[in-house]
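Colleague: Let me give you the structure first, and then I'll get to my questions.
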Amino acid sequence: MLQLNRDDLLRAYRQMKTIREFEERVHVEFANGAIPGFVHLYAGEEASAVGVCLHLREDVDHIASTHRGHGHCIAKGCDVDGMMLEIFGKDGGLCNGKGGSMHIADLDKGMMGANGIVGGGPPLICGAALAAKTLKTGGVAIAFVGDGGSNQGTTFEAMNLAAVWKLPAIFIFENNGYAEATSSKFSVSCGDIANRAVGFGMPGKIVDGHDFFAVHEAAQEAIERARNGDGPSLLEFKLNRYYGHFEGDAQTYRGKDEVKKLRESIDCIARFRGRVTETKLLENKQLDAIDKEVDGHIAGALAKAKAAAYPKPEALFTDVYAAY
Amino acid sequence: MARKLSFRQSINEALAQEMARDPRVVIMGEDVSGGTGSPGEQDAWGGPLGVTKGLHSKFGAARVLDTPISESGFIGAAVGAAAAGLRPVAELMFVDFMGVCFDQIFNQAAKFRYMFGGKATTPVVIRTMFGGGFRAAAQHSQCLYSIFTHIPGLKCVVPSSPYEAKGLLIQAIRDDDPVIFFEHKMLYDVEEEVPEGAYTIPFGEANILRDGKDVTVVALGRMVTLAMQAAQALAKEGIQCEVIDPRTTSPLDMDTIVESVGNTGRLVVVDESHPRCNMATDIAAVVAQEAFDSLKAPVRMVTGPHTPVPFSPALEDLYLPSADKIAAAVRQATRKAAA
């Protein structure tokens, strides 16, 4: 915490609030029928994406994400207006309306995409890490993976490969307790995902994913290790999602009042706010001003997305190949 | 005098020349060097059939990377590396192994550019061995290029000779899209004259190996050699075959095929694949749409049967298309018209 200056803290708060506000608004708009397709919301997990990505450079560092990718996009610096346009399937979206929520990406920002395939990302970040190592950019590559993705063979293969090739790669498991509707208590054979690190010859650590500062510190250690050429690490963040697997999920598999209690008792943003105001690093009025600003920003993004045109018919046929 | 190279050597030379030209080109795969971490020699294998032999010694461990037997891991890594600035050539030892890594090819590599609104460029080449005749049986002998051809975003190359292999592989490495490069394992020892310098053969431009007025014969990969043998035999009977090698199945040069059928009125397609949903049915369908009025006889297809590839030489020889089978199909096509 001591290494974070006031500007860093303000940036972190702004990003976490942006993700929360973005997701809350998307939740409402989806329920209203304004957003097509599948949407998986990140609300409740903000400290993970932001605590990690605060360490990253836009130009040389890469991340790969999951179905639940909006938070990672925002934390990695993707344009929020473009994201909202994309999720609405509109022209000018981050992927020109061809990706949508599940494939939202911006390679110019080192964001290799949300991924519609569970466990799709880990092999890809091995490649980004190999590119960083080969081209000597000093970059690192991080896969965000869910507890569901932790059980995929691709993930195991990628962790082994990263260790064998000693890549600047980090595997971050956001364990929110449920892969779709199935508990990680059932599906993760070894209890804690972090226990698997030893099997792949890399350090592994369990972190309270609601604690921005714990996330930030653990990520720093892993990223420094990667940048120093000492190879990959595994981090398991224990956290919770405030919404269902996808929007429209009735969540009958969750405990009675589980989400309500979670929202009341465990909010990573409220915790952050408590810490920084109690220690007098930031003042409530500064944070209130950010709240207001973010609120306006997301409202503006939403208005633009609603007003925007859909892609033109000819867009169906473009960007299949670089040249064909 | 131009020197002769084997199919194997021409691929090796293409890789070496492109690696020398562009430091972003790296090679990865199972035993592409061989010997990594082992007590004996490094560069012990150069791939199971020696295609990449010597590249590790020439370019070093940072650019010729042995991998664990872990196709999802390293094919995915090649795809990710391509999206992040390298130009990897990954070796999927046998195309039959697509089953353990296909997601990274068809859901990731093939779709990045489109899904990401044109912002992604994924210049990865996946070299893979295919085809029967090696007595390698059901899990090491399939063709499967039609499965990859089906996927938008992928390009599929099926070279038929050493000259073709070098020019098409250099094109593949310089190409900005994901390319699957199919090497028929029975062609590796075939030799022909190959220019020493680097050259490219463009994708989507079929090669007419032999002009003929009577029948158009389209063949891919090793089948091109068999089609030429059949054409020579048939010439003695007075049947002139026009033999076309499409070179790439995606993009596919249908214009050349349709134009040829317009002249000959008859089509025989030779495809080592199983008979359903393969390149032969695909080409026949396009010809039926584009050149129906030119056809003087039903289109004939020479393919493997709807069975896995058998092990026993006696059975595998029955399974595979041959020059005799091709000649018989051509005769059928011409007889039908005469009747």
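Colleague: Restricting the search to segment A:160-184, which residues are over 19 Å from the mean Cα position of the chain (by Cα) and among the aliphatic types (A, V, I, L, M)?
Modeller: Residues satisfying the conditions are A:L161, A:A162, A:A163, A:V164, A:L167, A:A181.
Colleague: Quick one: count up the residues across segment A:132-144 that are facing chain B (nearest Cβ under 10 Å) and either within 20 Å of A:E221 (Cβ to Cβ) or touching a helix residue (DSSP H, G or I) at 6+ places or on another chain (Cβ under 7 Å) (or both).
Modeller: The total comes to 5.
Colleague: Here's another thing I want to ask about it. Among the listed residues B:F94, B:F7, B:F112, B:F102, identify the single one that is farther than 30 Å from B:E192 by Cβ and under 19 Å from the mean Cα position of the chain (by Cα). Break it down stepwise before answering.
Modeller: On the way: B:F94 fails: farther than 30 Å from B:E192 by Cβ; B:F7 fails: farther than 30 Å from B:E192 by Cβ; B:F112 fails: under 19 Å from the mean Cα position of the chain (by Cα).
Exactly one residue qualifies, and that residue is B:F102.
Colleague: Under the condition of being part of a helix (DSSP H, G or I) and under 19 Å from A:F38 (Cβ atoms), which residue from segment A:75-100 is nearest to the other protein chains (Cβ to nearest Cβ)? Full working, then the answer.
Modeller: Here is the first cut: in segment A:75-100, the ones part of a helix (DSSP H, G or I) are A:75, A:80-87.
Next cut, under 19 Å from A:F38 (Cβ atoms) only: A:83-87.
Working: A:M83: 12, A:M84: 15, A:L85: 11, A:E86: 8, A:I87: 13 Å.
Ranking the candidates gives A:E86 first.
Colleague: Turning to a different aspect of this structure: Taking B:K155, is it at the interface with chain A (Cβ under 9 Å from one of its Cβ atoms) and under 30 Å from B:E196 (Cβ atoms)? Walk me through it before giving the result.
Modeller: Working: at the interface with chain A (Cβ under 9 Å from one of its Cβ atoms): yes; under 30 Å from B:E196 (Cβ atoms): yes.
Yes.
Colleague: Still on this structure, please answer the following. Looking only at segment A:54-74, how many residues end up being farther than 18 Å from A:A179 by Cβ, among the hydrophobic types (A, V, I, L, M, F, W, C) and part of a strand (DSSP E or B)?
Modeller: The total comes to 1.
Colleague: Quick check on segment A:145-167. Is at least one of its residues touching a residue at least 40 places away in the same chain (Cβ under 8 Å), farther than 21 Å from B:A61 by Cα, more than 10 Å from chain B (Cβ to nearest Cβ) and part of a loop (DSSP other than H, G, I, E, B)?
Modeller: yes
Colleague: Additional query: Can you tell me which residue among B:G85, B:G73, B:G29 is on the phi > 0 side of the Ramachandran plot, in contact with a Leu (Cβ under 8 Å, 6 or more places away or on another chain) and buried (at least 24 other Cβ atoms within 10 Å of the Cβ)? Walk me through it before giving the result.
Modeller: Working: B:G85 fails: buried (at least 24 other Cβ atoms within 10 Å of the Cβ); B:G73 fails: on the phi > 0 side of the Ramachandran plot.
Just one listed residue meets the conditions, B:G29.
Conditions tested, residue by residue: (1) assigned to a helix (DSSP H, G or I); (2) free of Cβ contacts under 8 Å to residues at least 12 places away in the same chain; (3) within 14 Å of chain A (Cβ to nearest Cβ).
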position	(1), (2), (3)
B:L92	no, no, yes
B:I105	yes, no, yes
B:A120	no, no, yes
B:P123	no, no, yes
B:I126	no, no, yes
B:M129	no, no, no
B:G133	no, no, no
B:C143	no, no, no
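Colleague: Going through segment B:212-241 one residue at a time, which ones are crowded, with 24+ Cβ neighbours inside 10 Å and farther than 17 Å from B:Q332 by Cβ? Steps first, answer last, please.
Modeller: Restricting attention to segment B:212-241, the residues satisfying the condition of being crowded, with 24+ Cβ neighbours inside 10 Å are B:215-224, B:227, B:230-231, B:241.
Listed by number, the residues that qualify are B:L220, B:G221, B:R222, B:M223, B:V224.
Colleague: Sticking with this one: Quick check on segment A:191-202. Is at least one of its residues among the charged types (D, E, K, R), over 30 Å from A:G274 (Cβ atoms), crowded, with 20+ Cβ neighbours inside 10 Å and more than 14 Å from every other protein chain (Cβ to nearest Cβ)? Break it down stepwise before answering.
Modeller: Our first condition is that a residue be among the charged types (D, E, K, R); within segment A:191-202, this holds for A:192, A:196.
Within this subset, residues satisfying the condition of being over 30 Å from A:G274 (Cβ atoms) are A:196.
Within this subset, residues satisfying the condition of being crowded, with 20+ Cβ neighbours inside 10 Å are A:196.
This time we only want the ones that are more than 14 Å from every other protein chain (Cβ to nearest Cβ), so: A:196.
Scanning segment A:191-202, I find at least one residue that is among the charged types (D, E, K, R), over 30 Å from A:G274 (Cβ atoms), crowded, with 20+ Cβ neighbours inside 10 Å and more than 14 Å from every other protein chain (Cβ to nearest Cβ), so the answer is yes.
Colleague: Turning to a different aspect of this structure: Considering only segment B:107-118, state which residues are facing chain A (nearest Cβ under 7 Å) and not in a helix (DSSP H, G or I).
Modeller: Of all residues in segment B:107-118, those facing chain A (nearest Cβ under 7 Å) come to B:107-108, B:113-118.
If the condition is that a residue be facing chain A (nearest Cβ under 7 Å) and not in a helix (DSSP H, G or I), then B:F116, B:G117, B:G118 are the ones that fit.
Colleague: Follow-up question, since we're still on this one. Residues A:D230, A:D211: which one is among the acidic types (D, E) and under 13 Å from A:A169 (Cβ atoms)?
Modeller: Numbers: A:D211 fails: under 13 Å from A:A169 (Cβ atoms).
Only one candidate passes the filter, namely A:D230.
Colleague: Related question: Would you be able to tell me the number of residues in segment A:238-286 that are touching a helix residue (DSSP H, G or I) at 6+ places or on another chain (Cβ under 8 Å), hydrophobic (A, V, I, L, M, F, W, C) and within 27 Å of A:G204 (Cα to Cα)?
Modeller: If we filter segment A:238-286 for residues that are touching a helix residue (DSSP H, G or I) at 6+ places or on another chain (Cβ under 8 Å), which is where we start, we get A:239-240, A:242-243, A:247-248, A:251, A:268-269, A:271-273, A:275-277, A:281-284, A:286.
Checking which are hydrophobic (A, V, I, L, M, F, W, C) leaves us with A:239, A:268-269, A:272, A:276, A:281-282.
The next check asks that each one be within 27 Å of A:G204 (Cα to Cα); those that pass are A:239, A:268-269, A:272.
Qualifying residue count, segment A:238-286: 4.
Colleague: Could you list all residues from segment A:294-324 that are surrounded by 12 or more Cβ atoms within 10 Å (Cβ to Cβ), free of Cβ contacts under 8 Å to residues at least 12 places away in the same chain and of a type outside the set (G, A, S)?
Modeller: A:T318, A:V320, A:Y321, A:Y324
Colleague: Additional query: Looking at this structure, is B:F311 under 23 Å from the mean Cα position of the chain (by Cα) and among the aromatic types (F, W, Y)? So that I can check it myself, show each step before the final result.
Modeller: Numbers: under 23 Å from the mean Cα position of the chain (by Cα): yes; among the aromatic types (F, W, Y): yes.
Here the answer is yes, as B:F311 does meet what is asked.
Colleague: Being modelled with pLDDT of 95 or more, in contact with a His (Cβ under 7 Å, 6 or more places away or on another chain) and of a type in the set (G, A, S) narrows it down to one of B:A84, B:A90, B:A109, so name that one.
Modeller: On the way: B:A90 fails: in contact with a His (Cβ under 7 Å, 6 or more places away or on another chain); B:A109 fails: in contact with a His (Cβ under 7 Å, 6 or more places away or on another chain).
Of the residues listed, the single one that is modelled with pLDDT of 95 or more, in contact with a His (Cβ under 7 Å, 6 or more places away or on another chain) and of a type in the set (G, A, S) is B:A84.
Colleague: Taking the conditions exactly as written (of a type outside the set (V, I, T), in contact with a helix residue (DSSP H, G or I) (Cβ under 6 Å, 6 or more places away or on another chain) and surrounded by fewer than 24 Cβ atoms within 10 Å (Cβ to Cβ)), does B:H150 satisfy them or not? Steps first, answer last, please.
Modeller: On the way: of a type outside the set (V, I, T): yes; in contact with a helix residue (DSSP H, G or I) (Cβ under 6 Å, 6 or more places away or on another chain): no; surrounded by fewer than 24 Cβ atoms within 10 Å (Cβ to Cβ): yes.
No.
Colleague: Another question about this same structure. Would you check which residues across segment A:101-131 are assigned to a helix (DSSP H, G or I), in contact with a strand residue (DSSP E or B) (Cβ under 7 Å, 6 or more places away or on another chain) and more than 7 Å from chain B (Cβ to nearest Cβ) and list them? Give the derivation first.
Modeller: Looking only at segment A:101-131, we keep the residues that are assigned to a helix (DSSP H, G or I), and these are A:101-103, A:107-109, A:121-131.
Subsequent filtering for residues that are in contact with a strand residue (DSSP E or B) (Cβ under 7 Å, 6 or more places away or on another chain) retains A:121-122, A:124-126, A:128-129.
Within segment A:101-131, A:G121, A:P122, A:A129 meet the criteria.
Colleague: OK, next. Could you check B:V100 against (1) among the hydrophobic types (A, V, I, L, M, F, W, C); (2) within 10 Å of chain A (Cβ to nearest Cβ); (3) buried (at least 20 other Cβ atoms within 10 Å of the Cβ); (4) within 27 Å of A:H67 (Cα to Cα) and say which number it fails?
Modeller: (3)
The values are calculated or read from the model by the stated rules, or taken from the named source; none is laboratory data. Quick caveat: nothing in here was measured; it's all calculated off a predicted structure. Neighbour counts run over all protein chains shown; Cβ positions are idealised from the backbone, glycine included.
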